[in-house]
Amino acid sequence: MSETVLFNRLAELAIATTTVEHPAVFTTEEARVHTGHLPGGHVKNLFLKDKKDRLWLVVCLEDRALDLKALAKTLGAASCLSFGRAELLAEVLGVTPGSVTPLALINDPAGRVEVVLDAAMLEHRVLNVHPLRNTATTAITSHDLLRFVASTGRKPRILDLDALAAPGVAS
């Protein structure tokens, strides 16, 4: 769905957001240059799959290091987790690499993607996410992000990712 449809859905849910335009960013380091001044938590999004094509969107704080083996075990994955191909990302969430966002769940009405949210991330009142493209950042409250995710028919798994952190892994 288009960004217009997304913002219309947010308005229908009475979710207020603020969006800031910036040059395209593909990494958290690039994003920090253009959005580091924005208040709130800054997130990164991992589009992951297992060998049986079970899909997850893991949304966590941008500086979070994850042990993907431990995460796979916690999630009950059929194998180690790997990053989903760009084609699969486009097919399921309708976005390209660098533009992954929890707001892209609007493009997965079949509910193929399971959602995992970082508990520490949700302690921030405001979170900064992409609005389906990597040339802008949208501020949304953590409470409203949870409401949006629920509106897509999902109950996210909220995990204490600190317990799974392993320095230097998937950071």
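The values are calculated or read from the model by the stated rules, or taken from the named source; none is laboratory data. None of the values given here were measured: they were computed from a predicted structure. Ideal geometry is used to build each Cβ from the backbone, glycine not excepted, and the neighbour counts take in all protein chains shown. Areas reflect the complete protein model, heavy atoms only, side chains present, ligands, DNA and RNA absent. Shrake-Rupley method; radii C 1.70, N 1.55, O 1.52, S 1.80 Å.
Points worth noting:
- LEU105 being over 13 Å from VAL43 (Cα atoms), modelled with pLDDT of 95 or more, touching a helix residue (DSSP H, G or I) at 6+ places or on another chain (Cβ under 9 Å) and open to solvent by 10 Å² or more (accessible area, probe 1.4 Å): no
- No other residue among LEU61, LEU13, LEU71 is among the aliphatic types (A, V, I, L, M), open to solvent by less than 20 Å² (accessible area, probe 1.4 Å) and in contact (Cβ under 8 Å) with a residue 24 or more places away in the chain apart from LEU71.
- Per-region count, segment 96-110, residues in contact (Cβ under 8 Å) with a residue 60 or more places away in the chain and either out of contact with any Pro (no Cβ under 9 Å at 6 or more places or on another chain) or small (Gly, Ala, Ser) (or both): 4
- Residues of segment 76-121 that are polar (S, T, N, Q), closer than 18 Å to ARG147 by Cα and not in a loop (DSSP other than H, G, I, E, B): ASN107 alone.
- Test: residue in segment 68-90 that is under 25 Å from ASN8 (Cα atoms), modelled with pLDDT of 95 or more and of a type in the set (A, V, I, L, M, F, W, C): yes
- Matching residues, segment 80-95, being open to solvent by 30 Å² or more (accessible area, probe 1.4 Å) and in contact (Cβ under 8 Å) with a residue 24 or more places away in the chain: CYS80, SER82, PHE83, GLY94
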